[in-house]
Amino acid sequence: MENTLKFAAPFQLKNRLKGNESYIDEYNLEYNPSRAKINSLDSIIDEISDGKREDSIYKNLTFIAMVDFLNEYPDKRINIKFKSGIDIKTAKAFRKVSKNVYFRLGPQEILAAKSLSEEKIPFFFDSTLGIGDYNNLQGVINGYNISDIYIVDDLWYNLEEVSKYCHKNNVSIRLILNRIPSTSFLQGKIETTPIFRPNDFTLLSKYIDVGEFDCGNPYNFNKEKVLYDTWYNKHQWFGNLQEINQDLMFPIYNRSLIPDFVNPRIKCNLGCVSRNSSCTQCEQFIDISKMLASKNIALKEK
């Protein structure tokens, strides 16, 4: 079955040298205009190949090197983050080189969103500016020319409808697969926390467009390799989910977890709170998994 959930990650020279880049749909890069000038992308690659610098081509690219990169990968979507705040003129210049260029904005760049929208330059806010309620979802989609969105908190409990609304407006949904998409003080501490597993890959592919991994700074490509294989190839994890999700504060034994764990959660509208119901299904599922794990019993998916 062909994966419908795209994958975005930084560029790694080793993948290029091995001809192993087909699994990456989007590259996340950083542009640094204040960095000491380097003539071309090739000069950077030569430095890395000679061992004079680390394989961190995804960071601190100069203007000329970035233009070279865009010309080298015209068919790949490139998400550019400006290290010191986005410059509209430079963004327009990059867009002239490639129409597959998008821009990732942080909190300090919110004021630039209006100008980018007026110039019809596609952009999206990074994961620190996730949207967690319908008012903000409507506002950010109707108010700006955004291309993508990270959703958090309550919107995950009505994922099908949220996904329909976003896609109707040509907005893609992104998810950092090894983090919990929540801004709550109880993030990762309670059973109703929005957590997803490699087993949910096919289900998530119906609603989510792009997956990413948080592999630290500097980016750990070895960690990415393990997570990618787990999520995109095997669709399975046999251990404690804490091992592949750094936000989870209590153990969930995936081998013993009811296979349908996530499906009802993404449709429930968090009814235990919103409707003041007595639903304890999340707690029950996790308690059962603990009991089964203690007896070394695994549940097999259909």
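Approximating the spin labels as points 7 Å out from Cα along Cα→Cβ, the Lys267-to-Lys120 distance works out to 4.0 nm.
GNM on the chain, alpha-carbon springs under 10 angstrom: the most fluctuating residue among Asn199, Asn32, Asn222 is Asn222. Taking 7 Å steps out from each Cα toward its Cβ at Phe238 and Phe221 produces label points 2.9 nm apart. Residues whose amide H falls under 5 Å from that of Phe103, counting only those 5 or more places apart or on a different chain, are Ile80, Phe123, Phe124, with hydrogens built in the peptide plane. For Tyr150, the residues whose modelled amide H falls within less than 5 Å of its own, excluding neighbours fewer than 5 places apart on the same chain, are Ile131, Arg174.
Available extension along the chain between Met249 and Gln138 is 36.8 nm, counting 0.36 nm per residue and deducting the alpha carbon span. Computing FRET efficiency as 1/(1 + (r/R0)^6) for Lys99 and Thr4, where r is the C-beta to C-beta distance and R0 is 30 Å, gives about 0.85.
Under a Gaussian network description of the chain, with springs only between Cα atoms under 10 Å, the residue in Val152, Val97, Val162 that fluctuates furthest is Val97. GNM remark for the chain: springs join alpha carbons under 10 Å apart, and the peak mean-square fluctuation among Cys215, Cys279, Cys166 falls on Cys279. From helices alone, the chain scores -8000 deg cm²/dmol at 222 nm; the rule is -39500 (n - 2.57) for each run of n ≥ 4 DSSP H residues, then divide by the residue total. A straight chain from Leu13 to Asp229 at 0.36 nm per residue would run longer than the Cα-Cα distance by 75.9 nm.
In the structure shown, the pairs Lys92/Lys114; Lys6/Lys81; Lys206/Lys234; Lys267/Lys295 are assessed against 23 Å; a Cα-Cα span above that value is assigned to Lys267/Lys295. Shape class for region 6-238, computed from the alpha carbon gyration tensor (a ≥ b ≥ c): oblate, with a/c not under 1.5 and a/b at or below b/c.
Since every read-out is calculated from the coordinates, none of them should be taken as a lab result. Worth saying up front: this structure is predicted, and the values here are computed from it rather than measured. Glycine also receives a Cβ, built like all others from the backbone with ideal geometry; neighbour counts cover every protein chain displayed.
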